[in-house]
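Okay, so here's the structure we're looking at.
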Amino acid sequence: MLPTDLLMNRFQGDYVVPKRLPLDNKTLALAQEVIDVFKGCVLLERNELDDRLHILEGAETDYRVKRGFAHILRNGFSEFESISPIDPQILRQLVFETSSKFVPSKASTLSVLTKVAERLSHDTEKEITVEAVEKGLYADLTERHILLSFDAPSAEDLVHRYNLSQAQGILYRATNIVITAYRNDPGEYKQLFKYLKLFRLMTYIEGDADHGFSITIDGPASLFGSSTRYGTDIAKFLPSLLHVTKWKMEAQLAPRKQFDGTIKEGRFSIDSDCGLVSHYKRGKIFDSAVEESFYNNWGKLKTDWGLEREVELIPIPGSVMIPDFRLVHPEHEPYLFEIVGYWRPEYLKKKFWQVKKAQRNDLILAISERLNLGEAGVKIEDVPAKVIWFKGKVQPRDVLQAIAV
């Protein structure tokens, strides 16, 4: 996603329209130029990459587009790392201690670095060169990080990511978002609600799978003020919405001061015909490592109980509950299984409210012992579900024991 200074949009009436680059030869050539700079800087320091990007910008008027491309490549396709024979802070301390024994001069600088290299070689039993000491001395500075690898996208993919980022950036300013998901394949709804859950967005949901859903989301500029983290989560959700066949989004934006000094509110509208392309892969994802570990460990059990991932929607007032798993058996009624491991009080309140409203006697909850339920005002005895407790991992045998009770 792009920082605020690289976002470009305009008003069209009351609606804010984001910058959209065409997929023409000129745009693709520009994107490829920036990609080639990154390719040529693998194993070089970040400051060298920045210098080459600055040269590429030149005096052209499209410098903000080039910076946008570079930002996306730097943060989404590049791996930077500090490389030093030892921790740079410790290395600096060794150099300063050693230099105190010498009179400052060009010759003494080389002597100091040589002494430090010899000491490190002796202590680590590895050959440490003077050059390695010199390069590692300030290797922890961001501009000295090395571009270790670059997973180059195609020019077309980069343009798609740029256009999507411009739309995502507008959602930072949203006070209220309403998504109308028209009648779609039920699997698309499950995927959509799974991402709502994954990014822990504050939502109110009405409807059902047969007629469609209306999803109201609190924007980052409302309940959370100008919460950067929540705004980022809202923006991250947009690519998942692009996988739904038929939908429309309307967002109310916080007022903003214009160049002429006036304060103007705005709206943002987008739908399934917008032409934006998601970089999220279709298919199942796990909300946490705890869920993934549980799923993998269940497959190692010798049991007639099968485990299915997020296959049932439970409509409840103002929301939809999607249990993490369903347990099925050829001779017994199925169970729904939910892992509650996230600590935020607002999340816990909502989760236990959902469980209470669902009124399901076939639900099993696995609750982390690390959670402070008292702080969230939650009482286990008020929850109409079987409860098991876990520490680091949810053990499948504990779930089987709960079923057997």
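Please work out, to two decimal places, the log10 of the ratio I(q)/I(0) at q = 0.13, 0.21 Å⁻¹ from a Debye calculation in which every Cα of the range 289-404 carries one identical scatterer.
For the range 289-404 at q = 0.13, 0.21 Å⁻¹, log10 I(q)/I(0) is -0.48, -1.28.
Given PRO88, ALA132, LEU110, which one lies farthest toward the positive end of the charge dipole of the range 88-139, if we put +1 on the Cβ of every Lys and Arg and -1 on the Cβ of every Asp and Glu?
LEU110
Roughly how many debye, to the nearest 20, is the charge dipole of the range 289-404 about its Cα centre, given +1 on each Lys and Arg Cβ, -1 on each Asp and Glu Cβ, and no other charges? Mind showing how you got there, number by number?
Details: 17 positive and 17 negative charges, 67 e Å.
Once rounded to the nearest 20, the dipole reads 320 debye.
Quote the relative contact order of the chain in percent (integer), defining contacts as alpha-carbon pairs under 8 Å separated by 6+ residues. Present the calculation step by step, with values, prior to reporting the outcome.
Working: 633 pairs, mean separation 53.4, N = 405.
Normalised by residue count, the contact order of the chain is 13 percent.
Could you list TYR295, TYR63 so that the one with the fewest beta carbons within 10 Å of its beta carbon is first and the one with the most is last?
Working: TYR295 17, TYR63 14.
By the 10 Å Cβ count, ascending: TYR63, TYR295.
Got the relative contact order for the range 88-139 handy, in percent, Cα pairs under 8 Å and 6 or more residues apart?
Numbers: 38 pairs, mean separation 22.5, N = 52.
This gives 43 percent for the range 88-139.
Assigning unit charges at the beta carbon (Lys, Arg +1; Asp, Glu -1) and nothing else, what dipole magnitude in debye, to the nearest 20, does the chain show about its Cα centre?
Working: 54 positive and 57 negative charges, 142 e Å.
Dipole about the Cα centre, nearest 20: 680 debye.
Averaged across orientations, what area in nm² does the convex hull of the alpha carbons in the chain project?
Numbers: hull surface 115.1 nm².
That works out to 28.8 nm², a quarter of the Cα hull's surface.
If you count the DSSP beta bridges with both ends in the chain, what percent of them are antiparallel, to the nearest 5?
Working: 47 of 58 bridges.
Approximately 80 percent, going by the DSSP bridge assignments.
Kindly express, to the nearest 10 degrees and within the range 0 to 90, the angle between helix 289-298's C-alpha long axis and the longest C-alpha principal axis of the chain.
In the chain, helix 289-298 runs at an angle near 60 degrees to the longest axis.
Beta carbons within 10 angstrom, averaged per residue: use that to sort the peptides 30-40, 324-334, highest first.
Details: 30-40: 18.2, 324-334: 14.7.
Most protected by this proxy first, the peptides run 30-40, 324-334.
Would you work out the relative contact order for the range 289-404, in percent, from Cα pairs under 8 angstrom that are 6 or more residues apart? Walk me through the numbers before you get to the answer.
Values: 172 pairs, mean separation 26.9, N = 116.
This gives 23 percent for the range 289-404.
Looking at the chain as a GNM with Cα springs under 10 Å, which of ASP151, ASP185, ASP87 has the largest mean-square fluctuation?
In this elastic network of the chain, the residue with the biggest mean-square fluctuation among ASP151, ASP185, ASP87 is ASP87.
Using the Cα centre as the reference, give the magnitude of the dipole from point charges on the C-beta atoms of the range 153-268 (Lys, Arg: +1; Asp, Glu: -1; all else neutral), rounded to the nearest 20 debye. Mind dumping the intermediate values first?
Working: 15 positive and 12 negative charges, 65 e Å.
Roughly 320 debye for the range 153-268.
Compute the long axis of helix 88-99 from its Cα atoms, compare it with the longest principal axis of the Cα atoms of the chain, and write down the angle in degrees, 0 to 90, nearest 10.
Rounded to the nearest ten degrees, it is 20.
Taking Cα atoms, how many degrees apart are the long axis of helix 106-124 and the longest axis of the chain, rounded to 10 and kept between 0 and 90?
50
Tell me the mean residue ellipticity at 222 nm calculated for the chain from its helices only (DSSP H runs of n ≥ 4, each -39500 (n - 2.57), averaged over every residue, nearest 500).
Working: 12 runs with 155 residues, N = 405.
Result for the chain, helices only: -12000 deg cm²/dmol.
Over 18 Å apart: what share of the alpha carbon pairs of the range 88-139 falls there, rounded to a whole percent? Could the numbers behind the result be given before it?
On the way: 292 of 1326 pairs.
Value for the range 88-139 (Cα pairs over 18 Å): 22 percent.
Give me the percent of DSSP beta bridges within the range 289-404 that run antiparallel, rounded to the nearest 5.
Numbers: 11 of 21 bridges.
If we restrict to bridges inside the range 289-404, about 50 percent are antiparallel.
Since every read-out is calculated from the coordinates, none of them should be taken as a lab result. Not measured: the values here are computed from a predicted model. Neighbour counts run over all protein chains shown; Cβ positions are idealised from the backbone, glycine included.
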